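Novice: Next up is a structure, given as structure tokens.
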């Protein structure tokens, strides 16, 4: 049985891929699903042109060239994906993401931490380092 979160991630990934391939319906769907929250945030932060700023955010999203990175983010659970997109793509602070999503800052930090850990695990499965890591001080 497919988990609703998995189905949502798959749906988002396919809509995002279609948008990046130039499908107008997919761009429209991404816009209608996510633009209101971005515009509301911009307006709440005092933007004189929240619609223009929202357009800039979405142009950035549609121009991301690394399909693998987008696929990794799209595969996250919805709440983690929302946090990562707002933090990385929209370059919002934790406080700003909390305001957009209607969550506490601590919850946003926890979601981000879980998302990063999940991404690390996925990347570790595909990495084959040439030499041992020097990340530890031991």
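Novice: Most exposed first by the Cβ proxy, i.e. fewest other Cβ within 10 Å, how do 28, 54 rank? Mind dumping the intermediate values first?
Specialist: Values: 28 12, 54 23.
With the fewest neighbours first, 28, 54 line up as 28, 54.
Novice: Something else now. Provide, for q = 0.10 Å⁻¹, the log10 of I(q)/I(0) from a solvent-free Debye sum over equal Cα point scatterers in segment 4-122.
Specialist: Per q value, in the given order, log10 I(q)/I(0) is -0.29.
Novice: Sorted by packing (mean other beta-carbon atoms within 10 Å per residue), highest first, where do 12-25, 83-96 land?
Specialist: Listed from highest to lowest mean packing, they are 83-96, 12-25.
Novice: Oh, and also: Within a 10 angstrom radius of the beta carbon, how do 121, 103 rank from fewest other beta carbons to most?
Specialist: Arranged by neighbour count, lowest to highest, 121, 103 become 121, 103.
Novice: Another question, if that's okay. What FRET efficiency, computed as 1/(1 + (r/R0)^6) with R0 = 41 Å and r the Cβ-Cβ distance, is obtained for residue 21 and residue 49, rounded to the nearest 0.05?
Specialist: E(calc), rounded to 0.05, equals 0.90.
Each value in this text was obtained by applying a stated rule to the coordinates, not by laboratory testing. Since the structure is predicted, the reported quantities are computational estimates derived from the model, not experimental observations. Positions of Cβ are generated from backbone atoms using ideal geometry, with glycine treated the same way; all protein chains shown enter the neighbour counts.
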